[in-house]
Every structure is written in structure tokens, then in C-alpha cells.
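Chemist: Structure in C-alpha cells, see below.
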Amino acid sequence: MKTSVPHESPPPRAAAAGLPRRATGTTPAAAAARTVAAAAAAAALLLLGACGGREPEPEEAPPPPPAAEPVRELTPDERLAEQVRQAMLQAPALNRENVRIAVVRSQVFLTGEVSAPHLRDEAVAVASEVPGVQSVQSKISVARPPR
């Protein structure tokens with residue numbers, strides 16, 4: 001029969017060489033990583049402590065833009081003024097002239113300035129042809145030619 005004698009394992013190399021022992025499996029890189037992780041955790045705790053122990057609230061969303069005002073329907077006189085304006089723009093001789101249009105109770109009032117006397121007469125004729133116009137009064141002046 002064999003009797004077993006307890007066997008002692010040889011001492012680790014570091015101990016044999018007289019160097020301090022490290023924990024098993026710890027390398028300098030692993031120790032550095034643990035130090036960095038501990039520092040990061042400490043910084044996070046400090047930040048949370050500055051916030052009163054809770055995470056910062058997300059910023060409020062900006063208020064929605066104000067609702068667009070509803071489109072107002074044109075009055076009959078405004079609609080007639082727009083029709084006269086479009087007729088003036090369709091007339092090749094008048095589309096570059098400075099003629100302002102106002103309508104009151106279907107009566108058209110023309111003011112402004114044109115470059116020639118015949119254009120004043122044409123503006124009155126064009127406005128008179130628009131359906132719904134009862135009368136046209138013109139105070140259009142003729143521009144003096146530059147000297």
C-alpha cells in the first residue's frame with residue numbers, strides 16, 4: 001500500500017525572486033483599466049450629486065407655431081378690384097404702367113400715372129369692360145417726358 005505524502009507546490013516565480021506578489025491574472029493593463037473605470041464611476045456619482053441625486057430633466061419642447069389665421073374671403077368690391085387688376089395686367093400696353101385701382105360699390109376709381117395720354121384712355125376702357133363694373137372714374141395723370 002502506498003501512502004500519500006502531502007505535496008507542496010513550488011513557490012511562484014515572483015516570490016522566489018523576492019518580488020511582491022500580484023493577484024492571480026492581474027496584469028498592469030488590467031489594473032490601469034480598473035483605475036480608469038473607478039475614476040469614471042466617481043465622476044458620474046459627483047455629477048449625479050450636483051443634480052440633487054437625479055438625472056437632469058430633458059429640455060422642454062419649443063411651443064408650436066401659432067396657427068395661421070384663416071383665409072378671409074374677399075368682399076365683392078375686393079374681388080372686382082382684383083379682376084380689374086388682372087385685366088390691366090393682360091393688356092400689353094398697360095402692364096408696366098403705374099395705375100392704382102380702388103372699388104367702392106362696384107364703382108372703379110383709377111389713380112396713378114401713365115407714360116402717354118392714350119394709355120390713360122386705354123386703362124379706362126379696359127376697366128369698363130370687366131363684368132360687374134358699373135362706372136369708372138379716372139384721375140390718372142400723364143407723366144412728363146424727361147428732358
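We did not get these values from a lab; they are worked out from the coordinates using the rules stated. Note that this is a predicted model, so its numbers are computed, not measured. Methodologically, a virtual Cβ is constructed for each residue, glycine included, from the backbone with ideal geometry; neighbour enumeration extends over all protein chains shown.
Chemist: Show the residue pairs that are 6+ apart or on different chains and have beta-carbon atoms under 6 Å apart, the first residue being within segment 71-96 and within 12 Å of Val108 (Cβ to Cβ), the second being hydrophobic (A, V, I, L, M, F, W, C) and part of a loop (DSSP other than H, G, I, E, B).
Modeler: Filtered contacts from segment 71-96: Gln83/Val130; Val84/Val130; Ala87/Val130; Met88/Leu94.
Chemist: Mind checking which residues of segment 77-96 are in a helix (DSSP H, G or I) and either more than 36 Å from the chain's Cα centre (by Cα) or at positive phi (or both)?
Modeler: Within segment 77-96, Asp77, Leu80, Val84, Ala87, Met88, Gln90 qualify.
Chemist: Which members of segment 118-147 meet the condition of being at positive phi and loosely packed, with under 13 Cβ neighbours inside 10 Å?
Modeler: none
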